[in-house]
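The values are calculated or read from the model by the stated rules, or taken from the named source; none is laboratory data. Note that the structure is a prediction, hence the values are computed from the model and not measured. Virtual Cβ from ideal backbone geometry, glycine too; neighbours counted across all protein chains shown.
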Amino acid sequence: MPIDPRHLLSRSFPVIDHDYTLRDTQLYALGLGLGADPLDAGQLRYVYEGQDGTALRTMPTMANVLAYPGFWAREPDTGITWQKLLHAEQEIHLHAPLPASGRVRGATRITGLWDKGAGKGAFLQQTRDITDAATGQLLASVVQLSLLRGDGGFGDGGSEGAPPAPHAMPDGAPDQVCELATPAQLALIYRLSGDLNPLHADPSVAAAAGFSRPILHGMALMGVAAHAVLRTVLAYDATRFAGMRVRFTAPALPGDTLRTEMWVRGETVSLRTTAVERGVVVLNNARVSLR
């Protein structure tokens with residue numbers, strides 16, 4: 001039965017309050033591989049609070065896990081064939097620095113639904129605004145684009161226009177390249193920040209899905225690419241990190257060496273990430289916006 005586009009576009013979501021601590025912020029950064037060199041002062045900013053407890057900085061991509069509404073597509077009222085849902089793109093906009101600890105509030109809404117046709121699927125876009133629960137200040141907006149492979153052909157009632165076009169990559173050789181090794185247990189660490197999908201931990205679940213081993217979370221992959229930009233272009237100064245958009249092109253595996261190529265053009269860093277040992281492009285048509 002086709003999904004009801006009018007219902008999805010008007011669907012309400014509960015507002016979520018999320019308390020997090022310095023330890024949560026440190027665990028998130030460790031789940032991206034920061035701290036692999038414990039003598040690197042830049043990495044330590046994100047995993048060590050300092051002797052007075054005020055030195056800790058927050059990885060910008062932590063917005064992805066704050067006040068997350070969960071995998072709501074599985075709920076019966078959506079009509080979505082959730083087993084065929086693919087996470088296509090993720091984008092964050094940072095309106096203010098993320099505190100290293102505090103209480104935030106997340107409000108999610110559906111902001112786009114585009115029919116590709118029967119047998120071709122549909123694109124669904126959801127947006128989550130994250131605010132400081134005490135002051136109401138808007139901290140970040142998180143935009144997720146999903147491909148609903150089993151839900152095309154619903155006809156009228158979707159959004160006008162078309163889904164966002166991929167970020168255009170520059171021609172020529174990259175200006176910067178950064179290789180970051182990922183430990184084999186990275187997904188087991190990252191999942192402790194809230195994404196408990198067994199696909200990233202249980203070998204039997206991964207095998208049933210057609211993978212040789214549990215795969216890395218897409219959001220962890222995005223965070224590793226953000227780390228490459230912070231390390232190579234920004235000298236670990238996250239205050240210049242205004243936003244990021246990525247397109248997922250293939251799964252990464254814990255233990256992959258991830259090579260991120262970067263093209264710096266003014267306030268935009270275009271990037272592509274490859275799993276070196278397997279020669280697979282895992283992120284493409286990606287960008288980081290700078291201040």
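Quick check, is residue 128 buried (at least 18 other Cβ atoms within 10 Å of the Cβ), on the phi < 0 side of the Ramachandran plot, basic (Lys, Arg) and touching a residue at least 12 places away in the same chain (Cβ under 8 Å)? Judged against the criteria, residue 128 is a match.
All of 122, 100, 73, 134 fail the test of being within 30 Å of residue 290 (Cβ to Cβ) and either touching a Leu at 6+ places or on another chain (Cβ under 9 Å) or in contact (Cβ under 8 Å) with a residue 40 or more places away in the chain (or both), apart from 100. Where helices (runs of 4 or more DSSP H) fall entirely within the stretch 132-239, those with at least 3 residues that are surrounded by fewer than 20 Cβ atoms within 10 Å (Cβ to Cβ) are at 203-208. Taking the criterion of being out of contact with any helix residue (DSSP H, G or I) (no Cβ under 9 Å at 6 or more places or on another chain) and either modelled with pLDDT under 95 or part of a strand (DSSP E or B) (or both), the residues of the stretch 91-103 that qualify are 91, 102, 103. Among the residues of the stretch 92-103, is there at least one that is surrounded by 13 or more Cβ atoms within 10 Å (Cβ to Cβ), in contact with an Asp or Glu (Cβ under 6 Å, 6 or more places away or on another chain) and closer than 30 Å to residue 48 by Cα? For the stretch 92-103, residues surrounded by 13 or more Cβ atoms within 10 Å (Cβ to Cβ), in contact with an Asp or Glu (Cβ under 6 Å, 6 or more places away or on another chain) and closer than 30 Å to residue 48 by Cα: present.
Quick check on residue 118: is it among the hydrophobic types (A, V, I, L, M, F, W, C), farther than 22 Å from residue 220 by Cα and crowded, with 22+ Cβ neighbours inside 10 Å?
Numbers: among the hydrophobic types (A, V, I, L, M, F, W, C): yes; farther than 22 Å from residue 220 by Cα: yes; crowded, with 22+ Cβ neighbours inside 10 Å: no.
When the stated conditions are applied, residue 118 does not pass them.
If you scan the stretch 102-114, which residues turn out to be over 14 Å from residue 17 (Cβ atoms) and not aliphatic (A, V, I, L, M)?
Start the filter on the stretch 102-114 by keeping residues that are over 14 Å from residue 17 (Cβ atoms), which leaves 109-114.
The answer is 109, 111, 112, 114.
Inspection of the stretch 245-258 identifies at least one residue that is touching a residue at least 40 places away in the same chain (Cβ under 8 Å), within 13 Å of residue 180 (Cα to Cα), part of a strand (DSSP E or B) and outside the structural domain of residue 68 (by TED's automatic domain parsing).
Of the residues in the stretch 33-70, how many are assigned to a loop (DSSP other than H, G, I, E, B) and in contact (Cβ under 8 Å) with a residue 12 or more places away in the chain?
Filtering the stretch 33-70 down to residues assigned to a loop (DSSP other than H, G, I, E, B) leaves 33-40, 45-59, 66-70.
If we keep only those that are in contact (Cβ under 8 Å) with a residue 12 or more places away in the chain as well, we get 33-36, 45-49, 53, 56-59, 66-69.
Here the count works out to 18.
Just one of the numbered conditions (1) in a loop (DSSP other than H, G, I, E, B); (2) over 17 Å from residue 194 (Cβ atoms) is not true of residue 86: (1).
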